[in-house]
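Let me begin by presenting the structure, written as structure tokens, before commenting on it.
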Amino acid sequence: MNGPILVGVDGGGTRSTLVVADAQGRELARAAGEAGLVDPRDPERSARIIAGLARTALEQAGLREVPDAICAGLAGVGNEAERVAVHDALQASGVARRVRVASDGEIALEGAFAGGPGILLIAGTGSVAYGRAPDGRMERCGGWGMIVGDEGSGFALGRDGMKAALCSVDGREPRTVLLDAILTALDVDNPREVPPWAGRVPKSEIAALARVVLDAAEQGDAVARRVVESAAGELARHVTALAERLTPWSGEVPVVLHGGVLRSPLYASLVTRELSGDARAFRVQPPRMDAVHGALRYAAALVGEEVPV
């Protein structure tokens, strides 16, 4: 095949997507599999998953040659030692001639703005924001985890929805449809069963309650609406803080909203409303490309190519 073969990987916390493409950005094959999330106890596991997906995709495309470059954007590579361990394992696997390992946020930012400036706000189970200044500086805000961070995330919405529902039992909050909705979602009859449930389930199950809270807010429940508005304000502060740290901007600051809970039209509109009240001008827009194509752009850069938008 003429020209370099590139591989991009979006390895999130629930699944991984791998795309093989040429230097013109044409997709040759795609494979999906288990989460690429890096386990600090076994960082090489992520490399094994990616290598397996790459072999599958290359076979589908009928390609026998080794790809020229791969960029794997993986959740959980904030620690440099883990990033290096995955990088070295990928290099040793022979999956590609050149290897780059980045965070899943980096590749999502690269795809969202096609390498240009802007701020990517991510709110799924957790929350974090990434930004690139017009002069190329990159910063992140938030992403400190569920104990001391993750404001505005699905986890925070679920947790605060449960808190508000239980406060209504005490009379510290007005009556709210959240109480019955959460008891139904948990399949329990008594509010006293909520705390032990919350103490034993994984973070993802609490985050799943975000949908219950958002539904109640959309139905006009005042307590749920207050929870959602407060969370939207927290997310907006991620963006405004990053915009300040990345000054100067020549005009409006481009913002892309990304992640499961921000697919809610109500929640996205509340975050946008919060941003419109700031002294700085923000422009919320759709992403130019997805995260896996952001990874392909990084892979192309390893061989001196530029993937067209």
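Considering the conditions (1) farther than 29 Å from R41 by Cα; (2) of a type outside the set (V, I, T); (3) out of contact with any Phe, Trp or Tyr (no Cβ under 6 Å at 6 or more places or on another chain), A69 is excluded by exactly one of them, (1).
With respect to being within 19 Å of the chain's Cα centre (by Cα) and crowded, with 24+ Cβ neighbours inside 10 Å, G126 fits the description.
Quick one: is G304 crowded, with 16+ Cβ neighbours inside 10 Å and at positive phi? So G304 fails the test. Scanning region 134-145 turns up at least one residue that is charged (D, E, K, R), touching a residue at least 60 places away in the same chain (Cβ under 8 Å), assigned by TED's automatic domain parsing to the domain that holds H258 and more than 22 Å from A232 (Cα to Cα). Is it fair to say A164 is crowded, with 22+ Cβ neighbours inside 10 Å and under 24 Å from G78 (Cα atoms)? No, not satisfied. If the condition is being modelled with pLDDT of 95 or more and of a type outside the set (K, R), then region 263-280 contributes S264, P265, L266, Y267, A268, S269, L270, V271, T272, E274, L275.
Within region 183-195, the presence of a residue that is within 30 Å of P254 (Cβ to Cβ) and among the charged types (D, E, K, R) is excluded.
Going by the structure shown, is G259 over 21 Å from D160 (Cβ atoms) and either touching a residue at least 24 places away in the same chain (Cβ under 8 Å) or of a type in the set (F, W, Y) (or both)? So G259 fails the test. Is it true that L235 is surrounded by fewer than 20 Cβ atoms within 10 Å (Cβ to Cβ) and either polar (S, T, N, Q) or touching a helix residue (DSSP H, G or I) at 6+ places or on another chain (Cβ under 7 Å) (or both)? No, not satisfied. Looking across region 244-270, the residues that are in contact with a helix residue (DSSP H, G or I) (Cβ under 9 Å, 6 or more places away or on another chain) and closer than 26 Å to D135 by Cα come down to W249, V253, P254, V255, V256, L257, H258.
Give me the residue from region 256-309 that is over 18 Å from the mean Cα position of the chain (by Cα) and among the acidic types (D, E) and, out of that set, nearest to D68 (Cα to Cα). Here the residue is E305. Can you confirm whether region 176-183 contains a residue that is closer than 21 Å to R273 by Cα and modelled with pLDDT of 95 or more? Taking every residue of region 176-183 in turn, none turns out to be closer than 21 Å to R273 by Cα and modelled with pLDDT of 95 or more.
Yes or no, residue by residue, for (1) surrounded by fewer than 19 Cβ atoms within 10 Å (Cβ to Cβ); (2) touching a strand residue (DSSP E or B) at 6+ places or on another chain (Cβ under 6 Å); (3) in the same structural domain as R132 (by TED's automatic domain parsing):
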position: R172; (1), (2), (3): yes, no, yes
position: T184; (1), (2), (3): yes, no, yes
position: W197; (1), (2), (3): yes, no, yes
position: I206; (1), (2), (3): no, no, yes
position: W249; (1), (2), (3): yes, no, yes
position: V253; (1), (2), (3): no, yes, yes
position: V256; (1), (2), (3): no, yes, yes
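Taking helices (runs of 4 or more DSSP H) as the structural unit, those lying wholly within region 1-119 and holding at least 2 residues that are surrounded by fewer than 20 Cβ atoms within 10 Å (Cβ to Cβ) correspond to 44-61, 80-93. Close contacts from region 147-158, counting a first residue that is surrounded by 24 or more Cβ atoms within 10 Å (Cβ to Cβ) and a second that is in a loop (DSSP other than H, G, I, E, B) and among the aliphatic types (A, V, I, L, M), with Cβ to Cβ under 6 Å and a gap of 6+ residues or different chains, come to F155/M146; G158/L209.
The values are calculated or read from the model by the stated rules, or taken from the named source; none is laboratory data. In this text, all values refer to a predicted model and were calculated from it rather than measured experimentally. Please note: Cβ atoms are built from the backbone with ideal geometry, for glycine as well, and neighbour counts cover all protein chains shown.
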